Amino acid sequence: MEAARKRFDEALRDHAREEHKRVGKLDAAQACHDERNQQEAARVEEWNAGIEARRAACRERDVEAVEWFVDQVLAASRYPHGFPKAHQVSYQADTGDLLVEIDLPLEDVIAAARAYRYVKTRDEITAVPRPEKERHELYASVLAQTALRTVHESFAADTDGVVRSVALNGHVATIDRATGREVHPCLITLQAGREEFGELVLTQVDPQACLKRLRSLISPNPYELEPVRPLVTFDLSKYRLMDSMDVVAGLDSVNTRPSQDEGVDAVAMNTDPGMRGLCIIQAKRTAKVVPFESVSALAGVVEHKRAAKGILVTTSWFGRASEAFANDHGRL
């Protein structure tokens, strides 16, 4: 009994020590947990405050906020396996125009096999190939559906109506088989206003017919990567735009000055649905023929700015080499 009592007392003391340690660890863990909860609550509060700030900035047509918001919307969009997720956006606060450029899937996203058949005599499964015409038709439909879906998501997520129109360019990233170089041809380009697009019942439209109604440009042979020229491929954020003015009336009193905008004297927007795009304008006042170098330099600026057209206004004339170069270029 004495030995048992002694062991019992020692066990009680050991238990008290272990319980003290356990309570200490529990208190430390609880304090750590509370601290993490406070940090997480502060992080969530900061995040929500940031979201609210961005939302308020979106309502005020802040360019960075609107572009961030649309980027989040497109990034959250779910697509089947094999679809690319690359995209970029550009917003013009003064007009409410949104430019969205997305990567479209290549033709191999359409399964080459229509079905599979089990051949009992050979104990094997063989593929039933999909006809080439059917593959082409399905691929064209997939591209059209993707374009319409992207425009729809851009409008639908903007409940404040800061986006008045969406211009979409759909590209594919691939390798040119003739050169072995990476290429990024545009296969679909369109621009639609909010009201016009809102009238569509997308659950009942034929995707390709719908794009034609929206005056889109669609590659006639998307499976051959035949490109179309994008309707809108520009960023006017670095330019200071002015109201329209009668420049012809005051031409005699206007002199061109050296510009720090990479040789750009003016920019203009063509709003015609079929020819919409950015125009780069340069002016040369001289008594002699305009040098060929000036024309080729304008071509370089047009390509660098990805403009739809380049215009050179002069008080003199052009040589034959310049005229031939402009004709060959196609956008001068």
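Coordinate-derived values only; no laboratory data. Here the structure is a predicted model, which is why all the values come from computation and not from measurement. Please note: Cβ atoms are built from the backbone with ideal geometry, for glycine as well, and neighbour counts cover all protein chains shown.
A few points about this structure:
- Charge dipole (Cα centre; +1 on Lys/Arg Cβ, -1 on Asp/Glu Cβ; no other charges) of the stretch 53-132 amounts to roughly 660 debye.
- According to the Cα-based calculation, Rg over Rh for the stretch 1-90 is 1.51, with Rh computed by the Kirkwood formula.
- Tilt relative to the chain, helix 132-157 - C-alpha long axis, 0 to 90 degrees, to 10: 80 degrees
- Taking the Cα centre of the chain as reference, the dipole from Cβ charges on Lys and Arg (+1) and Asp and Glu (-1) amounts to some 720 debye.
- Placing unit charges on the Cβ atoms of the charged side chains and taking the dipole of the stretch 117-208 about its Cα centre, the candidate lying farthest along the positive direction among THR159, THR174, THR203 is THR174.
- In the chain, Cα pairs under 8 Å separated by at least six residues give a relative contact order of 10 percent.
- ARG43-ARG177 pseudo-label distance in nm [points 7 Å out on the Cα-to-Cβ vector]: 5.0 nm
- Counting every other Cβ atom within 10 Å of each residue's Cβ, PHE8, PHE83 order from fewest to most as PHE8, PHE83.
- Listed options for P(r) over Cα pairs in 10 Å bins from 0, in percent are [x] 6, 25, 31, 19, 9, 4, 3, 2, 1, 0, 0; [y] 5, 23, 30, 25, 13, 3, 0; [z] 4, 17, 21, 18, 13, 8, 6, 5, 3, 2, 1, 0, 0. The value calculated from this structure is the one marked [z].
- Candidates ALA266, ALA29, ALA115: whichever shows maximal mean-square fluctuation once the chain is modelled as a Gaussian network with Cα springs under 10 Å: ALA29
- The alpha carbon centroids of the stretch 104-151 and the stretch 159-177 are separated by 25 Å.
- Computed [θ] at 222 nm, helices only, for the chain once each DSSP H run of length n ≥ 4 contributes -39500 (n - 2.57): -13500 deg cm²/dmol
- Taking Cα atoms only, the orientation of helix 320-329 departs from the longest principal axis of the chain by about 40 degrees.
- Based on Cα atoms of the stretch 82-224, Rg over Rh with Rh as the Kirkwood radius reads 1.08.
- Ranked by how many other beta carbons lie within 10 Å on average, peptides 42-55, 208-221 from highest: 208-221, 42-55
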